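Colleague: Got a structure here, written out as structure tokens. Questions coming.
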Amino acid sequence: MRSDEYERLDGLTLAEMQRRGEVAAVELMECALQLAEARNPPLNALCYLRGDEAIDRARVAVPRGRFGALPFLLKDSGLASTFLPSSIGSRLFAGMTSTIDATLQTRFMADGLLPFGRTTVPEFCMAPTTEAVQNGGPTRNPWDRARSSGGSSGGAAVAVATGIVPIAHGSDGGGSIRIPAACCGVYGLKPSRGLVPYGPQRGEGWGGLAVDGVLTRTVRDTAAALDGIAGMELGQPYAAPARPDSYLARLDLPFDRPLRIAAWTEAWDGIAIDSECLAAVDRAEKVLVSLGHELTWQAPPPIKYPAFVGAIIDVMCASVAMTVNGFLLNKSAPDLRELLEPAILDAYYRGTRLGAEAYALAIARFHGIARQMAQYMQDCDVILTPTLTQLPVPLGTLSMASDFESFRRQAGRYTAFLAIINASGQPAANVPLHWTSHGLPVGVQLIGQFGAEDTVLRLSAQIERAAPWIQRYTVLLD
């Protein structure tokens, strides 16, 4: 198989070709590595590539699961892998290794996904843009290299948009799958809290905000990947509602009635929304109404947004302090000013001073939002919003050179519709439905009721059939 054939096909198509004997796993890995070598240097989306090992692994791979033996990339989020080091985007953690595989990594491989490297992230995955010093420069948006790829799964979104892999691992603690999916024009689903395993070493991240998933170019690849990774593991602290036997098998099922969809075009705290982001919602409305669904324009619930952003700041700071101090335990203390970016260094010092009452109050605010959102959604099946309040920002706009609170409050205005869904635990997806006249992707977000991934995926698939976006990638691939 040639790389120009490989890059245009989704994961399930490549898996089916393997099953029919039309292509071997090693050919697919060679294509992925060729594309990585050609496309990564100007975009800076990949790290810890293990090409020779990946070729050896692909030569002996026996196709299994839904994806056979498909090239795949893990996010540099610290997800434990015995053969891929990690840095979490930080000089402090550069080259960190693990003696075990995370449960999620095991499930990825059992489903036929073969990791050959990692994708770049901002330091500690705490930014909506990927510009870590550890990466030697920013990860650039493939549609406009002067703009951000989004974050924290920025490298993953770039790798998928440019065809290096059809599917890549991502994680989302405040929009980190949906932000880069919107910036790079790919599909990205944040699953419900408790649906995807987080262990075996950890029970939660960021007070229950963080979840793992994938970024893809087709809805069906996301549905198939979720079939492979969803499900409780022993001892996990959260549980999502019961899942269907197969999200993929249900993807084309019609709904038994029109869905009730609430559309939001106003954000809290007077946050401005770019006209192109509103245009994307208008386009989504037209598509959804043409599909027979019932859409109404509604106001969001009355969340105290500045206080919520403050709660996120406190929990993130506590996480930084815990992570850094845990890593440095029984080690000689380095000069953290040389190893942490200014905002993260400030978060560390804030975290070491944070009181128990402040942390407990932050968690209570998250839980309160979950109650508000559950009550709000008694009257609707899905919420439609802009994914971001602005177009992908120019590189350097959201800088880790400031103090952590200023940085995160600025980020909170860019991502106003996202982190509340991490607090509520609901599933939400970026749908790449709109592009500007200058060729920039603009996403819309579909939010489902807790545990209703099936609804979000089926509605996404309906939109994909009615207004397909797959042809957009030819601009990047040619």
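Colleague: How many of the residues in the stretch 350-362 are without any contact (Cβ under 8 Å) to a residue 40 or more places away in the chain and either surrounded by 15 or more Cβ atoms within 10 Å (Cβ to Cβ) or not in a helix (DSSP H, G or I) (or both)? Quick ask: steps written out before the conclusion?
Modeller: Filtering the stretch 350-362 down to residues without any contact (Cβ under 8 Å) to a residue 40 or more places away in the chain leaves 351-353, 355-357, 360.
Adding the requirement that they be either surrounded by 15 or more Cβ atoms within 10 Å (Cβ to Cβ) or not in a helix (DSSP H, G or I) (or both) leaves 351, 355.
Here the count works out to 2.
Colleague: Which residue, of GLY11, GLY51, is touching a residue at least 60 places away in the same chain (Cβ under 8 Å) and surrounded by 22 or more Cβ atoms within 10 Å (Cβ to Cβ)?
Modeller: Details: GLY51 fails: surrounded by 22 or more Cβ atoms within 10 Å (Cβ to Cβ).
Exactly one of GLY11, GLY51 is touching a residue at least 60 places away in the same chain (Cβ under 8 Å) and surrounded by 22 or more Cβ atoms within 10 Å (Cβ to Cβ), namely GLY11.
Colleague: Quick one: in the stretch 337-347, which of the residues that are crowded, with 20+ Cβ neighbours inside 10 Å and over 24 Å from the mean Cα position of the chain (by Cα) is nearest to ASP403 (Cα to Cα)?
Modeller: Only one residue tops the list, namely ASP346.
Colleague: If you go through the stretch 176-216, how many residues are among the small types (Gly, Ala, Ser) and either surrounded by fewer than 24 Cβ atoms within 10 Å (Cβ to Cβ) or modelled with pLDDT under 95 (or both)? Before you say what the answer is, go through the steps one by one.
Modeller: Residues of the stretch 176-216 among the small types (Gly, Ala, Ser): 176, 181-182, 185, 188, 192, 194, 199, 203, 205, 207-208, 210, 213.
This time we only want the ones that are either surrounded by fewer than 24 Cβ atoms within 10 Å (Cβ to Cβ) or modelled with pLDDT under 95 (or both), so: 194, 199, 203, 205, 207-208, 210.
Qualifying residue count for the region: 7.
Colleague: How about the stretch 139-161: which of its residues are free of Cβ contacts under 8 Å to residues at least 60 places away in the same chain and assigned to a loop (DSSP other than H, G, I, E, B)?
Modeller: Matches in the stretch 139-161: GLY151 only.
Colleague: Is one or more of the residues making up the stretch 188-207 within 24 Å of LEU33 (Cα to Cα) and either assigned to a strand (DSSP E or B) or touching a His at 6+ places or on another chain (Cβ under 7 Å) (or both)?
Modeller: yes
Colleague: Additional query: Could you please find all residues in the stretch 396-417 being of a type in the set (Val, Ile, Thr) and over 21 Å from VAL444 (Cα atoms)?
Modeller: The answer is THR397, and nothing else.
Colleague: What number goes with the only condition from (1) of a type outside the set (Val, Ile, Thr); (2) surrounded by fewer than 20 Cβ atoms within 10 Å (Cβ to Cβ); (3) part of a helix (DSSP H, G or I); (4) in contact (Cβ under 8 Å) with a residue 60 or more places away in the chain that PRO334 does not pass?
Modeller: (3) is the only condition that PRO334 fails.
Colleague: On the given criteria, is VAL309 closer than 27 Å to ILE271 by Cα, in contact with a Gly (Cβ under 6 Å, 6 or more places away or on another chain) and buried (at least 21 other Cβ atoms within 10 Å of the Cβ)?
Modeller: So VAL309 passes the test.
Colleague: Also, I was wondering about something else. Output yes when any residue across the stretch 118-127 is in contact with a Cys (Cβ under 6 Å, 6 or more places away or on another chain), within 30 Å of ALA25 (Cβ to Cβ) and either part of a loop (DSSP other than H, G, I, E, B) or not β-branched (Val, Ile, Thr) (or both), and no when none is.
Modeller: Yes, the stretch 118-127 has at least one match.
Colleague: Working only within the stretch 162-175, note down all residues that are small (Gly, Ala, Ser), assigned to a loop (DSSP other than H, G, I, E, B) and either crowded, with 24+ Cβ neighbours inside 10 Å or under 10 Å from the mean Cα position of the chain (by Cα) (or both).
Modeller: Within the stretch 162-175, GLY173, GLY174, GLY175 qualify.
Colleague: If only one of THR103, THR99, THR82 is β-branched (Val, Ile, Thr) and buried (at least 17 other Cβ atoms within 10 Å of the Cβ), which one is it?
Modeller: THR103
Colleague: Taking the stretch 340-364 on its own, how many of its residues are under 16 Å from GLY78 (Cβ atoms) and touching a Leu at 6+ places or on another chain (Cβ under 8 Å)?
Modeller: 1
Colleague: Filter the stretch 5-54 down to residues that are part of a helix (DSSP H, G or I) and either modelled with pLDDT under 95 or acidic (Asp, Glu) (or both) and give me whichever is farthest from THR119 (Cα to Cα).
Modeller: Only one residue fits best here, namely GLU16.
Colleague: Inspect the stretch 131-149 for any residue being surrounded by fewer than 24 Cβ atoms within 10 Å (Cβ to Cβ) and of a type in the set (S, T, N, Q) and give the result as yes or no.
Modeller: Checked against the condition, which is being surrounded by fewer than 24 Cβ atoms within 10 Å (Cβ to Cβ) and of a type in the set (S, T, N, Q), the stretch 131-149 yields at least one hit.
Colleague: How many residues does the stretch 31-60 contain that are over 26 Å from the mean Cα position of the chain (by Cα) and of a type in the set (D, E, K, R)?
Modeller: 5
Colleague: Could I ask something else about it? Determine whether MET29 is surrounded by 18 or more Cβ atoms within 10 Å (Cβ to Cβ) and without any contact (Cβ under 8 Å) to a residue 24 or more places away in the chain.
Modeller: no
Colleague: Another question, then. With respect to ASP252, determine if the residue is among the charged types (D, E, K, R) and crowded, with 22+ Cβ neighbours inside 10 Å.
Modeller: It is false that ASP252 is among the charged types (D, E, K, R) and crowded, with 22+ Cβ neighbours inside 10 Å.
Colleague: Determine whether ALA343 is touching a Phe, Trp or Tyr at 6+ places or on another chain (Cβ under 8 Å), in contact (Cβ under 8 Å) with a residue 60 or more places away in the chain and over 23 Å from LYS304 (Cα atoms). Spell out the reasoning first.
Modeller: Working: touching a Phe, Trp or Tyr at 6+ places or on another chain (Cβ under 8 Å): yes; in contact (Cβ under 8 Å) with a residue 60 or more places away in the chain: yes; over 23 Å from LYS304 (Cα atoms): yes.
The answer is yes for ALA343.
Colleague: Do we find a residue being in contact (Cβ under 8 Å) with a residue 40 or more places away in the chain, among the hydroxyl-bearing types (Ser, Thr, Tyr) and closer than 30 Å to LEU354 by Cβ anywhere in the stretch 308-322?
Modeller: yes
The values are calculated or read from the model by the stated rules, or taken from the named source; none is laboratory data. The shown structure was predicted, so the numbers you read here are calculated from the model rather than taken from an experiment. Every residue, glycine among them, receives a Cβ derived from its backbone with ideal geometry; neighbour counts consider all protein chains shown.
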